[in-house]
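The structure appears right after this line, and notes come after that.
The values are calculated or read from the model by the stated rules, or taken from the named source; none is laboratory data. On a predicted model such as this, the values are computed, not experimentally measured, just so you know. Please note: Cβ atoms are built from the backbone with ideal geometry, for glycine as well, and neighbour counts cover all protein chains shown. Ligands, DNA and RNA are excluded from the accessible area calculation, which covers all protein heavy atoms including side chains. Shrake-Rupley method; radii C 1.70, N 1.55, O 1.52, S 1.80 Å.
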Amino acid sequence: MKGKLFYAGLIISFVLTGIAHYMHLDTTLQFVIACIAIIFVAGFLGKATESVAHYAGERVGGFLNATFGNAAELIIAIFLVKDGLYDIVKASLTGAIIGNLLLVLGLSIFAGGLKFKEQSFNVKLASHNSSLMILGVVALFIPAIFTGGLTSKETSTMSMIVAILLIVAYLLWLLFSMVTHKSILSDAAMEHGEAAWSKTTSILFLVLSTVMVAFTSEWLVGTLEEVTHKFGFSELFVGAFLVAIIGNAAEHSAAVMMAMKNKMGAAVEIAIGSSLQIALFVAPVLVLVSFFMSGTPMNIVFTTYEIAAIGVAVFITKSITQDGSTNWYEGLLLLFVYIILGVVFFLV
């Protein structure tokens, strides 16, 4: 019965969101309906990911969720880049990174910790994740420090070179973690019971749910500008928190579901893996995309506020995950830091 109600809610909310968007109904109404639809669509993506993970393993399943979840953010960001809205793009990328590290991982650790006294995952994977997160911070920090002494053309050249290096580093990480050192970085095999669907159906539903997330996210983002002005939110807050929370809805659902089933390895892969993918792949790809779209690349120079927020998020996440075990209190610490950043970004 619960399953039937969920799928009914999924279909009805998705259709209503499309109708509200294409019929140009009241913007606030569009926003509310789209928010409801995102919840159902994210739940659908979470179910599909869990089913795929049953066949592919937790790490690959978590990686697929991070990738498919970020596909919506990448699509939205490309539209923003096309319109030349580079500042909003950078703010949304910042929000996606800190949202995954603090909100998604925090909720997952807290929810899982309430059910299980302590949860563990591969400590070597935690160590490598920490190193990659620091690489991401360095790649943002160095350009911001030195850009003052560079011309506009030199800044563009620097951004292109850094972007290419980050993409290469990420692709080599996939080779390292998924191929050459797969056995070392995998979690111990666990028995998860029967999958919800067959392997083919699981993959098809994963693709379908991602497409639904992309459409719903785009419709929702389309209402943000008017809703922002109506409620008096700042552009930085909207980009770093509202857009990011909406874009991360899929990861929220899937990671929390995995943690509550004591699959913390998959939850960590979704949350931290998604942040790494944003910092080392999505952001650099957007730099290259902007170059081919306009001839002038979006530079990789982030504001002091954005770098500080990412640095703080990486610092506390590294501190909490480096021992390969978590509990509910550590989840709360991550959530508290996210709230602090939210309050500051709202007031700036």
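Descriptive notes on the structure:
- Conditions (1) closer than 23 Å to A309 by Cα; (2) free of Cβ contacts under 8 Å to residues at least 24 places away in the same chain; (3) polar (S, T, N, Q); number of the one not met by T180: (1)
- Test: residue in region 289-297 that is of a type in the set (S, T, N, Q) and at pLDDT 85 or above: yes
- Residues in region 324-336 that are in contact (Cβ under 8 Å) with a residue 12 or more places away in the chain and at negative phi: S325, T326, N327, W328, Y329, E330, G331, L332, L333, L334, L335.
- Failed criterion for N262 (all others in (1) at pLDDT 75 or above; (2) within 10 Å of the chain's Cα centre (by Cα) hold): (2)
- If only residues of region 316-327 that are surrounded by 15 or more Cβ atoms within 10 Å (Cβ to Cβ) and not charged (D, E, K, R) are counted, the one that is modelled with the lowest pLDDT is G324.
- Sole residue being at pLDDT 80 or above and closer than 25 Å to V282 by Cβ, chosen from V60, V15, V41: V41
- Checked against (1) within 26 Å of G148 (Cα to Cα); (2) open to solvent by 10 Å² or more (accessible area, probe 1.4 Å); (3) in contact with an Asp or Glu (Cβ under 9 Å, 6 or more places away or on another chain), G295 passes all but condition (3).
- Test result for E330, more than 30 Å from S156 (Cβ to Cβ), within 15 Å of the chain's Cα centre (by Cα) and either modelled with pLDDT of 85 or more or surrounded by 16 or more Cβ atoms within 10 Å (Cβ to Cβ) (or both): no
- Pick from region 208-235, criterion within 30 Å of S51 (Cβ to Cβ) and over 17 Å from the mean Cα position of the chain (by Cα), ranking: surrounded by the fewest Cβ atoms within 10 Å (Cβ to Cβ): L208
- For the residues I307, I278, I339, I270, the requirement of being surrounded by fewer than 18 Cβ atoms within 10 Å (Cβ to Cβ), within 19 Å of the chain's Cα centre (by Cα) and either part of a helix (DSSP H, G or I) or on the phi > 0 side of the Ramachandran plot (or both) singles out I339.
- Members of region 110-133 that are in contact (Cβ under 8 Å) with a residue 60 or more places away in the chain, open to solvent by less than 70 Å² (accessible area, probe 1.4 Å) and assigned to a helix (DSSP H, G or I): F110, A111, G112, G113, L125, A126, S127, N129, S130, L132, M133
- Whichever residue in region 63-109 is among the β-branched types (V, I, T) and open to solvent by less than 10 Å² (accessible area, probe 1.4 Å) and, among such residues, is farthest from W219 (Cα to Cα): I109
- Filtering I161, I145 for residues that are farther than 24 Å from A313 by Cβ and either open to solvent by 70 Å² or more (accessible area, probe 1.4 Å) or in contact with a helix residue (DSSP H, G or I) (Cβ under 6 Å, 6 or more places away or on another chain) (or both) leaves a single hit, I161.
- Residue pairs whose Cβ atoms lie under 6 Å apart, separated by 6 or more positions or on different chains, with the first residue in region 207-221 and of a type in the set (F, W, Y) and the second open to solvent by 10 Å² or more (accessible area, probe 1.4 Å), are W219/H21.
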